[in-house]
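Working notes for the structure below.
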Amino acid sequence: MERWKTVSTHPFLEASSLGRVRRLVAGKTCSKVGHIYSACKRKAPFSYWSALISHEGKTQEIYIHRMVCAAFHGLPSAERNHAAHKDGNVDNNRADNLYWAT
């Protein structure tokens with residue numbers, strides 16, 4: 001069962017327990033409430049999944065694993081600021097596979 005939680009660093013977004021990100025607040029242009037962002041795979045060296053989001057006229061790239069980790073495990077502490085994958089598979093962005101690491 002997929003669960004959604006607000007991303008505290010981006011309160012206009014929600015992240016799901018299955019590793020997806022959607023819009024919580026309507027954007028000024030084409031982003032509607034509930035819009036699920038398409039993720040694309042970054043090129044080497046890291047190859048993490050990311051999405052382009054727009055909010056208040058600014059476009060930025062977000063990393064899906066960081067949004068899911070923040071939503072389900074809170075904000076990282078200063079010493080634990082890397083969203084890590086328990087199984088080592090960067091394609092598995094499920095909440096139960098992520099944790100904050102050094």
* Asked: Along the Cα-to-Cβ line of His35, 7 Å from the Cα, sits a label point; which residues in the stretch 47-74 have backbone N less than 13 Å from it?
  -> 52-60
* Asked: Given the options Ala83, Ala39, Ala70, which has the most mean-square fluctuation in a GNM of the chain, springs set between C-alpha atoms less than 10 angstrom apart?
  -> Ala39
* Asked: Rounded to the nearest 500, what is the chain's calculated 222 nm mean residue ellipticity when only DSSP H runs of at least 4 contribute -39500 (n - 2.57) each, over all residues?
  -> -3000 deg cm²/dmol
* Structure fact -> Taking every alpha carbon pair in the stretch 7-102 and sorting the distances into 10 angstrom bins from 0 up to the bin holding the longest one, the percent per bin comes out as 17, 49, 29, 5
* Just tell me which aspartates and glutamates come within less than 17 Å, Cα to Cα, of Lys43; anything on the same chain fewer than 8 places away is out. => Glu61, Asp91
* Electrostatic dipole magnitude of the chain [Cβ: Lys, Arg +1; Asp, Glu -1; Cα centre; debye, to 20] -> 240
* Among the aspartates and glutamates, which have Cα under 17 Å from the Cα of Lys5 when same-chain residues fewer than 8 positions away are ignored? -> Glu14, Asp96
* Over the chain, with every protein chain in place, what whole percent of the accessible area is carbon and sulfur at 1.4 Å, could you tell me? => 53
* Asked: Mind checking which of Lys32, Lys86, Lys58 has the largest fluctuation in a GNM of the chain, springs on alpha carbons under 10 Å?
  -> Lys58
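The values are calculated or read from the model by the stated rules, or taken from the named source; none is laboratory data. As the structure is a prediction and not an experimental result, all values here were calculated from the model. FYI the Cβ positions are ideal-geometry reconstructions off the backbone, even for glycines, and counts take in every protein chain you see. All accessible areas refer to the heavy atoms of the entire protein, side chains included, with ligands and DNA or RNA removed. Shrake-Rupley method; radii C 1.70, N 1.55, O 1.52, S 1.80 Å.
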